[in-house]
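*Asks:* Here it is, the structure in full.
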Amino acid sequence: GSNLVEDECGECGGDANSADECPDESCGFEVCISIININSNSLDIGMINSASVAGFQFNINGITITTASGGVTEENGLSVSTSSNMILSFSMSGASIPAGNNELTHIEFTDNSGTICLANPVFSSQSGEKLSVSLGDFECD
């Protein structure tokens with residue numbers, strides 16, 4: 001017999017402790033990004049992707065970005081550059097982020113206007129093709 005149990009997502013032997021950690025099966029796009037774990041001066045960008053991501057760019061409005069680091073972007077060897085409201089990431093060596101449900105990157109910021117939203121997303125595959133992207137409830141109006 002096995003001593004594995006189902007986690008909160010119903011995955012046998014999984015390690016999720018709450019429903020918040022479960023994949024959103026209703027994404028419906030090749031890439032869905034969201035704002036997660038927001039604090040007074042930092043936030044994380046979550047990504048659910050069914051296709052490998054070799055590069056991305058998007059704006060975060062309502063804050064002044066100071067740094068972006070970590071997450072599956074850094075784990076998979078993509079470089080990250082930021083301006084005050086934009087993130088750009090790619091790999092000179094052809095690295096990409098495999099399909100999954102993970103933290104894309106961690107953002108440190110100043111000047112929170114109170115309304116933080118995402119805009120102008122461009123995500124591309126290893127062959128340079130544009131992937132379909134949803135910003136969900138985090139899309140700027």
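*Asks:* Going residue by residue through segment 96-108, is there one that turns out to be assigned to a strand (DSSP E or B), closer than 19 Å to LEU43 by Cα and more than 12 Å from the chain's Cα centre (by Cα)? Give the steps one after another, and end with the answer.
*Replies:* Residues of segment 96-108 that are assigned to a strand (DSSP E or B), as a first pass: 97, 100-108.
Subsequent filtering for residues that are closer than 19 Å to LEU43 by Cα retains 101-108.
Subsequent filtering for residues that are more than 12 Å from the chain's Cα centre (by Cα) retains 108.
Yes, there is a match, as at least one residue in segment 96-108 is assigned to a strand (DSSP E or B), closer than 19 Å to LEU43 by Cα and more than 12 Å from the chain's Cα centre (by Cα).
*Asks:* When residues of segment 5-60 are filtered for being over 14 Å from GLY100 (Cβ atoms), open to solvent by 40 Å² or more (accessible area, probe 1.4 Å) and modelled with pLDDT of 70 or more, how many remain?
*Replies:* Adding up the residues that qualify gives 10.
*Asks:* Further, regarding this structure: Pairs, please: C-beta under 8 Å, at least 6 apart or cross-chain, first residue in contact (Cβ under 8 Å) with a residue 60 or more places away in the chain and in segment 97-114, second among the aromatic types (Phe, Trp, Tyr) and outside any loop (DSSP other than H, G, I, E, B)?
*Replies:* LEU104/PHE56
*Asks:* A further question on this structure: Is at least one residue of segment 66-77 farther than 27 Å from GLY28 by Cα, assigned to a strand (DSSP E or B) and among the β-branched types (Val, Ile, Thr)?
*Replies:* The answer is yes, given that some residue of segment 66-77 is farther than 27 Å from GLY28 by Cα, assigned to a strand (DSSP E or B) and among the β-branched types (Val, Ile, Thr).
*Asks:* Spot the failing condition for ASN59; the list is (1) outside any strand (DSSP E or B); (2) touching a Pro at 6+ places or on another chain (Cβ under 9 Å), and only one is missed.
*Replies:* Answer for ASN59: the failing condition is (1).
*Asks:* Filter segment 81-121 for residues that are surrounded by 18 or more Cβ atoms within 10 Å (Cβ to Cβ) and over 23 Å from PHE29 (Cα atoms) and give the result.
*Replies:* THR82, ILE107, PHE109
*Asks:* Filter segment 126-141 down to the residues that are outside any strand (DSSP E or B) and under 15 Å from the mean Cα position of the chain (by Cα) and list them by number.
*Replies:* If the condition is that a residue be outside any strand (DSSP E or B) and under 15 Å from the mean Cα position of the chain (by Cα), then LEU131, SER132, LEU135, GLY136, ASP137, PHE138 are the ones that fit.
The values are calculated or read from the model by the stated rules, or taken from the named source; none is laboratory data. Predicted model, so just to flag it, every value in this text is computed and none were measured. So basically every Cβ, Gly included, is an ideal-geometry build from the backbone, and we count neighbours across all protein chains shown. All accessible areas refer to the heavy atoms of the entire protein, side chains included, with ligands and DNA or RNA removed. Shrake-Rupley method; radii C 1.70, N 1.55, O 1.52, S 1.80 Å.
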